[in-house]
Amino acid sequence: MAQSALFTPLRVRNLDLANRIVIAPMCQYSAENGCMNDWHLIHLGQLALSGAALLTIEATAVLPEGRISWADVGLWNDETEAAMRRTLEGIRRWSDMPIGIQLSHAGRKASTEVPWLGGAQIAPGEPHGWQTEAPSAVPFAEGRVPPTALNRDGLGRIRDAFAASAARAGRLGLDFVQLHGAHGYLLHQFLSPLSNRRDDEYGGSLENRMRFPLEVFDAVRAAFPSDKAVTMRVSGTDWVEGGLSIDEIVAFAKVLDARGCDAIHVSSGGLHPAQQIPIGPNYQVPLARAVKAAVRMPVVAVGLITEPTQAEAIVSTGDADIIALARAILYDPRWPWHAAAELGAQVRAPNQYLRCQPRQFKDLFELAGSASRP
């Protein structure tokens, strides 16, 4: 069998990726006052044994009011940093998988209930609720409490909070930072003309709408160790007429590339309830392909990538350099093992699990090394 493209190594700044499978950030809505707990150790720990190339911690708020829900993880003070340190120490004792973090501010989509209790907005003054902030005083949906439009001081406060969280991520020894510029959260809100109605230098033209996300990127890049990667996740389109388009995201990606962004993760949607998403296998891959044609940095594709042959085709045809798994790897935490078996490749497995290697795949597992021994 020919060498699998999906299991070809790749180096991204400091990151030595054993294959092209990465674990996307996935919110768990299980933190306490922004602090990780045993759920996060269990959840992230089992994914760190999956054989993927790297693991990304869920959208992590840089300020309390930047949380999507009251139960989101944060990294804004010593308590949240200490809780994350404890989680990371537990994982690193048993896995040497690179671990990074997605830093985020939810903007007008903040102050919500957890999804399994409906996910509705919680109004200011209600338990678990607070006043949201955004580029403009335009609510996410009809009937929601409008956000407060950010003034210059507010922009500086949030930019500095991103930088401070990046510095904390550096102290924690995290291997990379990803900025969340997708799914309708604050940085995406600045990029999209549907949510950004400003008439100052942060609104109007694409150049102006890019300004604040780029200021945040520059601040984070300066605050995080220079030898470690900083990446960004974007929505390639709003799937709404008059919203953010793939052509605009390609232009944004080119600017990020020139500024030293190490990779870009191309998702879509999340900004407007009127979105019409043609959901199906590979539905976001054309967006990744368009970005990849315009930039030098590696491009990550995501979204309903569920089958090994599907992922192999995305990488081998050059549509993207890397594929990201989210719900698929929650459903099957050994997805990379099964992909390697199907594609005739090898995958890392902890020493404690080596004896489960199926007889028909005698060379499936390679040793994980000393990190899997006490």
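The values are calculated or read from the model by the stated rules, or taken from the named source; none is laboratory data. Predicted model, so just to flag it, every value in this text is computed and none were measured. Backbone-built Cβ (ideal geometry, glycine too); neighbour counts: all protein chains shown. Note: areas computed on protein heavy atoms with side chains; ligands, DNA, RNA excluded. Shrake-Rupley method; radii C 1.70, N 1.55, O 1.52, S 1.80 Å.
What does the highest-first list of 346-356, 216-226 look like by mean Cβ count within 10 Å? Intermediate results must be reported in sequence, preceding the final value.
On the way: 346-356: 16.3, 216-226: 18.9.
Those peptides, ordered most packed to least, come out 216-226, 346-356.
Can you pull the three principal axis extents for the Cα set of the chain, in Å, largest first?
Ordered largest first, the chain gives principal extents of 63, 42, 40 Å.
Going highest first, how would you order 193-202, 273-282 by mean Cβ packing within 10 Å? Please report the intermediate quantities before stating the final value.
Numbers: 193-202: 16.8, 273-282: 11.9.
Those peptides, ordered most packed to least, come out 193-202, 273-282.
Taking only C-alpha pairs under 8 Å that are 6+ residues apart, what is the relative contact order of the range 19-127 in percent?
On the way: 209 pairs, mean separation 33.8, N = 109.
Averaging sequence separation for qualifying contacts and normalising by length gives 31 percent for the range 19-127.
When only C-alpha pairs under 8 Å and at least 6 residues apart count, what is the relative contact order of the range 304-374, in percent?
That works out to 25 percent.
First compute the accessible area of the chain with a 1.4 Å probe, then give the percent of it belonging to carbon and sulfur atoms.
Working: 7820 of 15090 Å².
After summing per-atom areas, the C and S share lands at 52 percent.
Taking a probe of 1.4 Å, how large is the accessible area per residue of the chain, in Å²? Mind dumping the intermediate values first?
On the way: 15090 Å² over 374 residues.
On a per-residue basis, 40 Å².
Where does each of 137-143, 157-163 land if you order them by average Cβ count within 10 Å, highest first? Mind showing how you got there, number by number?
Details: 137-143: 13.9, 157-163: 19.6.
Highest mean packing first, the order is 157-163, 137-143.
Based on the inverse mean of 1/r over its pairs of different Cα atoms, what is the Kirkwood hydrodynamic radius of the range 1-142, in Å?
Working: mean 1/r = 0.0604 Å⁻¹.
Mean inverse Cα-Cα distance, inverted, gives 16.6 Å.
Picking from A223, T237, A251, whose Cα lies most toward the positive end of the charge dipole for the range 209-260 (charges on Cβ: Lys, Arg +1; Asp, Glu -1)?
Sorting the options by dipole projection puts first A223.
How long are the three semi-axes of the equivalent ellipsoid of the range 247-374, in whole Å, if each is the root of 5 times an eigenvalue of the C-alpha gyration tensor, listed from largest down? Don't skip to the end; give the middle numbers.
Values: eigenvalues 213, 61, 38 Å².
For the range 247-374, the semi-axes come out at 33, 18, 14 Å.
What Kirkwood Rh does the range 185-283 have if only Cα atoms enter the pairwise 1/r average? Answer in Å.
In the range 185-283 this quantity evaluates to 14.1 Å.
Rounded to the nearest 20 debye, what is the charge dipole size of the range 284-346 about its Cα centre when +1 sits on each Lys and Arg Cβ and -1 on each Asp and Glu Cβ?
Working: 5 positive and 6 negative charges, 49 e Å.
Dipole about the Cα centre, nearest 20: 240 debye.
Run lengths n ≥ 4 of DSSP H only: what is the helix-derived mean residue ellipticity at 222 nm for the chain, with -39500 (n - 2.57) per run over all residues, to the nearest 500? Walk me through the intermediate numbers first.
On the way: 10 runs with 114 residues, N = 374.
Dividing the helical sum by the residues of the chain leaves -9500 deg cm²/dmol.
Counting alpha carbon pairs within less than 8 Å and at least 6 residues apart, what relative contact order, in whole percent, applies to the range 79-154? Walk me through the intermediate numbers first.
Details: 74 pairs, mean separation 15.2, N = 76.
It rounds to 20 percent for the range 79-154.
Calculate how many DSSP beta bridges within the chain are antiparallel, expressed in % of all such bridges and rounded to the nearest 5.
Numbers: 5 of 43 bridges.
Given both bridge residues lie in the chain, the antiparallel proportion sits at roughly 10 percent.
What translational D, rounded to a whole number of µm²/s, comes out for the range 111-200 from Stokes-Einstein when the hydrodynamic radius is the Kirkwood one over Cα pairs, at 10 °C and 1.306 mPa s? Write down the numbers at each step before the final one.
Numbers: Rh = 14.9 Å.
Answer, rounded: 107 µm²/s.
Compare K292, K362 by solvent-accessible area with a 1.4 Å probe and give them largest first, with all protein chains kept in place.
Numbers: K292 60, K362 160 Å².
My answer, sorted largest first, is K362, K292.
Over all directions, average the projected area of the Cα convex hull of the range 1-67 and note it in nm². If you can, show how the numbers build up before the last one.
Values: hull surface 23.6 nm².
The Cα convex hull of the range 1-67, projected and averaged over all directions, gives 5.9 nm².
Regarding the range 145-186, what is the average projected area of its C-alpha convex hull, in nm²?
Working: hull surface 15.9 nm².
Convex hull of Cα atoms, orientation-averaged projection: 4.0 nm².
Quick one: check the C-alpha center-to-center distance for the range 306-334 versus the range 112-137, whole angstrom.
One Cα centre to the other: 33 Å.
Above 26 Å lies some portion of the pair distances; for the range 60-185, what is it as a whole percent of all C-alpha pairs?
Working: 2015 of 7875 pairs.
Percentage above 26 Å: 26.
Please compute the volume of the convex hull spanned by the alpha-carbon atoms of the range 284-324 and report it per residue in Å³.
Numbers: hull volume 2.1 nm³, N = 41.
Normalising the Cα hull of the range 284-324 by residue number yields 52 Å³.
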